[in-house]
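Below you'll find the structure, written out as structure tokens, and then a few comments.
The values are calculated or read from the model by the stated rules, or taken from the named source; none is laboratory data. Everything numeric in this text was worked out from a predicted model, so none of it was measured. Here the Cβ positions follow ideal geometry from the backbone for every residue, glycine too, while neighbour counts run over all protein chains shown. For accessibility, only protein heavy atoms count, side chains too; no ligands or nucleic acids. Shrake-Rupley method; radii C 1.70, N 1.55, O 1.52, S 1.80 Å.
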Amino acid sequence: MSKPPPARYRTTNWSSHNAALRKRGSMLIWVDKEMAWLAPHEGRLGRPPVFSDAAIQFCLSIKVLFKLPLRQTAGMVASLLRLAGLNWSVPDFSTLCRRQKTLVVQLPYRRADGPLNLLVDSTGIKFLGDGEWQTRKHGVQGRRQWRKVHLAMDTATSDIRAVEFTPSSDGDSPILP
């Protein structure tokens, strides 16, 4: 049985193709000028924080999005604020490092209309085992361990409502309550 010939794709409209490739590299970051960048005075003992939790969360979001170390994050946030025309000071790396430990991130809650319908499923995670290459080369040195991650997802909003980690022997039904 012969193989079918591979499909050949030809670009006929190069101007729109190039525009689409350029558009892939565009980036848009919204900075709200009304955001409370500086922390309000709380009246507690000790030195008050200079930057608000929203400012720290913005900086740490940039850090995670672009996979930057803290020093480069401070530099990138400074340049973004400069591009936005904002004359705001930027937290240094030690402030970001210290505040990320205690930062409480508030995620918005989307409420679905009507009853809550959950989809519950689990998947296995392999850990503490040798890699496939090492096992082939040196033989099995230890037993792989598995854990199950049980997820409950809202069907209306596609939000994950519950997560539970259990040993691999537990099924979905005992975990559901």
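Contact annotation: residue pairs with Cβ atoms under 7 Å, 6 or more positions apart or on different chains, pairing a residue in segment 151-177 that is touching a residue at least 40 places away in the same chain (Cβ under 8 Å) with a partner that is open to solvent by less than 50 Å² (accessible area, probe 1.4 Å) and of a type in the set (Asp, Glu), are 161/154.
Take residue 39 and tell me if it is surrounded by 14 or more Cβ atoms within 10 Å (Cβ to Cβ), of a type in the set (Gly, Ala, Ser) and touching a residue at least 24 places away in the same chain (Cβ under 8 Å). When the stated conditions are applied, residue 39 does not pass them.
Contact map, segment 130-141: first residue acidic (Asp, Glu) and open to solvent by 100 Å² or more (accessible area, probe 1.4 Å), second residue at pLDDT 75 or above and part of a loop (DSSP other than H, G, I, E, B), Cβ cut-off under 9 Å, separation 6 or more or different chains; the map is empty.
Might you check whether a residue that is among the hydrophobic types (A, V, I, L, M, F, W, C), part of a helix (DSSP H, G or I) and at negative phi occurs anywhere in segment 28-50? Show your work before the answer.
Of the residues in segment 28-50, the ones among the hydrophobic types (A, V, I, L, M, F, W, C) are 28-31, 35-39, 45, 50.
Keeping just the survivors that are part of a helix (DSSP H, G or I) gives none.
Within segment 28-50, none of the residues are among the hydrophobic types (A, V, I, L, M, F, W, C), part of a helix (DSSP H, G or I) and at negative phi.
Whether any residue in segment 3-17 is within 26 Å of the chain's Cα centre (by Cα) and over 30 Å from residue 161 (Cα atoms) is what I want to check. No, there is no match, as no residue in segment 3-17 is within 26 Å of the chain's Cα centre (by Cα) and over 30 Å from residue 161 (Cα atoms).
Of everything in segment 141-152, what is modelled with pLDDT under 75 and over 18 Å from residue 168 (Cβ atoms)? Give them in sequence order. Correct list: 141 only. Against the test of being hydroxyl-bearing (Ser, Thr, Tyr), open to solvent by less than 60 Å² (accessible area, probe 1.4 Å), free of Cβ contacts under 8 Å to residues at least 60 places away in the same chain and more than 17 Å from residue 86 (Cα to Cα), the options 26, 15, 61, 52 yield a single qualifying residue, 61. Given the criteria part of a loop (DSSP other than H, G, I, E, B), of a type in the set (S, T, N, Q), out of contact with any Asp or Glu (no Cβ under 8 Å at 6 or more places or on another chain) and loosely packed, with under 12 Cβ neighbours inside 10 Å, does residue 87 qualify? When the stated conditions are applied, residue 87 passes them.
Of the residues in segment 61-71, at least one is closer than 21 Å to residue 98 by Cβ, part of a loop (DSSP other than H, G, I, E, B), in the same structural domain as residue 97 (by the TED database) and of a type in the set (A, V, I, L, M, F, W, C).
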